[in-house]
Amino acid sequence: MAESNTDTKSSNQMWGGRFASGPDAIMEEINASIGFDKKLFAQDIRGSIAHATMLAHQGIISAEDKDKIVHGLNTILSEIESGNFEFSRRLEDIHMNIEARLATLIGPAAGRLHTARSRNDQVALDFRLWVKEELEKTEKMLTGLIAAFLDRAEEHAESVMPGFTHLQTAQPVTFGHHCMAYVEMFGRDRSRVRHAIEHLDESPIGAAALAGTGYPIDRHMTAKALGFREPTRNSIDTVSDRDFAIEFLAIAAITGMHLSRLAEEIVIWSTPQFGFVRLSDAFSTGSSIMPQKKNPDAAELVRAKTGRINGSLIALLTIMKGLPLAYSKDMQEDKEQVFDAAESLELAIAAMTGMVRDMTVNTARMKAAAGSGFSTATDLADWLVREAGLPFRDAHHVTGRAVALAESKGCDLAELPLVDLQAIHSAITDTVYDVLTVEASVASRKSFGGTAPSEVRKQIAFWRARN
C-alpha cells in the first residue's frame, strides 16, 4: 500500500505543477477552448435559432420544441450579454456551454436542437459568421480612414513637399498628392475586404460531421435566414475549410503593412530634423527623463502591431498546411490567431485615422524642403528636350553638369546665373527659370494621376464619389 502511494506521488510529480491530478487535467487544459471561443456566443445562438426554425419548418422537430428552444436561446443570449452566464471549462467550448444551459432551462427539448448537425459544421458556421461581421466592420473603418485622407488631400492639394525615392529628395510633389497615395492603398485593401466577403458568403450549416445528413433539411432556408448568399456545395470541404479565416488574416497583414508604412512616415516626419507634421498630445507621449521629447508612440505601436498580424497569418497557414480532409482538432487553434489579429487591426486603423485627422502639417517646412537636393533637375532636363530639342540622354548630361556647378557654388539651380547655364549649353534662355521653382514643377505634372493640383482635385472627386 505504501509502495502504491509512492508511485502515485511520483506520477503526479511527473505530470507536474498545475497538472498534478494527472493526464485528465492536461487533457482538459489542452482540449478546452471556452477561454477564447466564448467570443462566438452571439453567432452560435443565431445559428442555432436558424437551425431550429428550419428543423420545425421541415417537420423534423415539433413547433412546440422549436418555440422552447428559441425562447431558451434568447434567454441565454440575455444572460451572456448581461454578464450573468457562468462559463465552464469542463464543458470544453461555447457550443456545449450553451447547450448545457439550454437543457437546464427547457429540459429534454434542448436535446433536439443538435438534430442534423455536428459541432464540425456548427463551429464552421459560427466562425464564418464572426469573420464576415469583422470584415464588414473593417470595410467601414477603412472607409473612415479614406475619408480622413480625402479631407487632408483637399486641404493640401497645393501644399508643396519633397517627393522621395530611396528616402532621398527626388521631385517636388504636393502633400495632397502624397495623401492620395494612401487613399489608393487603403482603397485596394477595402476592395480585398469586399471580395473576401463575397468568397465566404456561403452557409456551412447542414454539412454535419463531413458527409451531410439523412434528415430532409433545407440548407437554402438556413442560408437565407443567416444572411448568406447560398449554402456551401461540398460537405467535406465545408467542415475542413478555413480559407475565409486565412484570407481575413492575409488582408489584415497587407492592410497592416500599409498602416506600418504610413506610421513610419509619421515617425520620420515628426522628428525635429524633418518637422513636416506635429502630433497632438492625444497621440504622443513624453519622455520619463528628457523633458523636451515628444514621442510618436501611437504611430510606433501601429508599426509594431503589424508584426503580430503577420505572425497570426503564418501561424494559421502552418496549422492548416498538413491537415488531411476533413476536420482535425488542430483547427481549434484557428480562432485565437484571427481574434488577436482583428483586435490589432481595428486598433491600428482607429489610431491611424485619428492621427491623420489630428496632425498639424507644417507647410512652410515642407515647401523649404521641397526645393532641396536640386529637386527641379528633371524639370531642367525636360525643358531642354521640349524647348531646345535635345535628346533626353543629352539633356540628362547637361542637367548633371548644371547640378554639379550649383553644388560647387552652394546654391540651387534657380539661383545659377543665366551666363553660367549658357556656358553649359548655349540653347538655354531665361525662360528656363519658369520651370525651376517647385511650384512650377508641381503645376506642370498634369498627366493623369500626376501631382499637379488640378489632377489631385480630379482624383479627390473620383474617390469621394466612390467612398
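Some values worked out for this structure:
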{"read-out": "Segment 369-465: radius of gyration and largest Cα-Cα distance (Dmax), Å", "value": "15.1, 52"}
{"read-out": "Where N is the number of residues in segment 201-270, Cα Rg divided by 2.2 N^0.38 Å", "value": "1.76"}
{"read-out": "Share antiparallel - DSSP beta bridges, the chain, percent rounded to 5", "value": "80 percent"}
{"read-out": "Contact order normalised by residue count of segment 32-113, Cα under 8 Å, 6+ apart, percent", "value": "43 percent"}
{"read-out": "Between helix 243-269 and the chain: long-axis angle, C-alpha atoms, 0 to 90°, nearest 10", "value": "40 degrees"}
{"read-out": "Probe 1.4 Å, protein heavy atoms only - accessible area per residue of segment 290-442 in square angstrom", "value": "49 Å²"}
{"read-out": "For segment 119-364, diffusion coefficient by Stokes-Einstein and Kirkwood Rh (Cα), 10 °C, 1.306 mPa s, µm²/s", "value": "79 µm²/s"}
{"read-out": "Amide H within-cut-off set for residue 277, under 5 Å, with H built and near neighbours excluded", "value": "270, 362"}
{"read-out": "Using alpha-carbon coordinates, inclination of helix 392-409 to the longest axis of the chain, degrees", "value": "80 degrees"}
{"read-out": "Check: segment 119-364 dipole with +1 on Lys, Arg Cβ and -1 on Asp, Glu Cβ, in debye", "value": "220 debye"}
{"read-out": "Residue 439 accessible area, 1.4 Å probe, all protein chains in place, Å² to nearest 10", "value": "80 Å²"}
{"read-out": "Contact order relative to length of the chain, as percent, for alpha carbon pairs under 8 angstrom and 6 or more apart", "value": "16 percent"}
{"read-out": "Within segment 429-462: backbone nitrogen closer than 16 Å to the residue 165 label point (7 Å, Cα to C-beta)", "value": "450-451"}
{"read-out": "Selected from 317, 220, 249, residue furthest toward positive end of dipole (the chain; charges at beta carbon)", "value": "220"}
{"read-out": "Net charge dipole size for the chain [Lys, Arg +1 and Asp, Glu -1 on Cβ; Debye, nearest 20]", "value": "340 debye"}
{"read-out": "In Å, descending, principal axis extents of the Cα set of segment 32-113", "value": "36, 21, 18"}
{"read-out": "Ratio of Rg to Rh over the chain (Cα coordinates, Kirkwood Rh, two decimals)", "value": "1.16"}
{"read-out": "Average Cα contact separation per residue, segment 36-173, under 8 Å, 6 or more apart, as relative contact order %", "value": "25 percent"}
{"read-out": "Full-stretch length increase - residue 418, residue 329 - with 0.36 nm per residue and alpha-carbon distance subtracted", "value": "24.3 nm"}
{"read-out": "On Cα atoms only, tilt of 63-81 relative to the major axis of the chain in degrees", "value": "50 degrees"}
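The values are calculated or read from the model by the stated rules, or taken from the named source; none is laboratory data. These numbers come from a predicted model, not from an experiment. As a convention, Cβ positions derive from the backbone with ideal geometry for all residues, glycine included, and neighbour counts pool all protein chains shown. Remember, those area values only see protein heavy atoms, side chains included, never the ligands or the DNA or RNA. Shrake-Rupley method; radii C 1.70, N 1.55, O 1.52, S 1.80 Å.
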